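The values are calculated or read from the model by the stated rules, or taken from the named source; none is laboratory data. Because the structure is predicted, anything quoted here is derived from the model rather than measured. When we count neighbours, we look across all protein chains shown, and the Cβ atoms used for this are built from the backbone with ideal geometry, even at glycine.
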Amino acid sequence: MATDPDKARRDPVTPEPGPGPAPTGGAAAAGPGTRTSHDRPGPRSPAYPEPVDRLIQEMATLPGIGRRSAERLAFHILKSDEATAMRLARAITDVKKSVRHCRICSNLSDGELCGVCADDRRDRGLIMVVEQPKDLIALEQTGMYRGVYHVLMGRLSPLDGIGPGDLTVADLLRRLDDPSVNAGGTPVREVVLGLNPTVEGDGTALYLTQEIRRRGVKVSRLARGLPTGSQLEYANKAVLADAIEGRQAVD
Ligand SMILES: [Zn+2]
């Protein structure tokens, strides 16, 4: 990934989706730097000064950021005062230098253990499996869960060639097999699957269920169905089916 800017510099053609027809408004990158992609074959037509160009290229590597947004962000940084820009630069350096993954659950952490694993008030015999650290944050914000977590760092996706070996599955199973590697050396009695209700999330849940049951540990999963505040008539079939299947006794 670090080679991106160089690659972009070698390539005289803008690395945008379509150099030619540009379906919707692509050709309207009407900034001062607009140039037709078939200009001279020169090394790099100097649309922007090189550092600006490089910043745009780097911004464009971020998820969800196209060329136009990358330009906007780059110009925002150019316009902002030096202290603000440096704060951003420092936040990026710090996150790469000091943030790592928790030794036990793979959650983001600035130490060997994350805040959840290190907290002995948590129920360490109950593990919630989630796909990403951001899922963990969302669950923590409810304040409803007192167990610990395991972050898979993705989900199984055979079509993309992502198998159990690409995730932290082995670490999870080790926590079940050997309590001494779990937080506080606690034996695990239940695993809650908090995976996304998608085809891949369900496939991952199925795989994990088999592996966990084989170890004699109870498996449950988060309820699914109607979101609070929604209306039946607008819910799709899959959501309604889940809601019927996951109905609860009224007490
Ligand atoms: Zn942890």
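Annotations
- Only one of the numbered conditions (1) more than 15 Å from residue 194 (Cα to Cα); (2) out of contact with any strand residue (DSSP E or B) (no Cβ under 7 Å at 6 or more places or on another chain); (3) within 14 Å of the ligand (Cβ to nearest atom); (4) β-branched (Val, Ile, Thr) is not met by residue 137, and that is (1).
- Selected residue (criterion: farthest from residue 170 (Cα to Cα)) from residues of region 125-152 that are of a type in the set (Val, Ile, Thr) and within 15 Å of the chain's Cα centre (by Cα): 137
- Hits in region 214-251 (condition: acidic (Asp, Glu) and surrounded by 12 or more Cβ atoms within 10 Å (Cβ to Cβ)): 242
- Only one of 193, 156, 152, 206 that is away from the ligand (no atom under 16 Å from the Cβ), modelled with pLDDT of 95 or more and in contact with a Ser or Thr (Cβ under 6 Å, 6 or more places away or on another chain): 156
- The residues in region 165-206 that are of a type in the set (A, V, I, L, M) and not in a helix (DSSP H, G or I) can be counted, and the count is 6.
- Contact map, region 79-105: first residue modelled with pLDDT of 95 or more, second residue exposed (fewer than 13 other Cβ atoms within 10 Å of the Cβ) and not hydrophobic (A, V, I, L, M, F, W, C), Cβ cut-off under 6 Å, separation 6 or more or different chains; pairs are 103/112.
- Cβ pairs under 8 Å, 6+ apart, first in region 130-143 and touching a residue at least 60 places away in the same chain (Cβ under 8 Å) and in the same structural domain as residue 219 (by TED's automatic domain parsing), second surrounded by fewer than 18 Cβ atoms within 10 Å (Cβ to Cβ) and outside any helix (DSSP H, G or I): 131/153; 131/154; 131/196; 135/196
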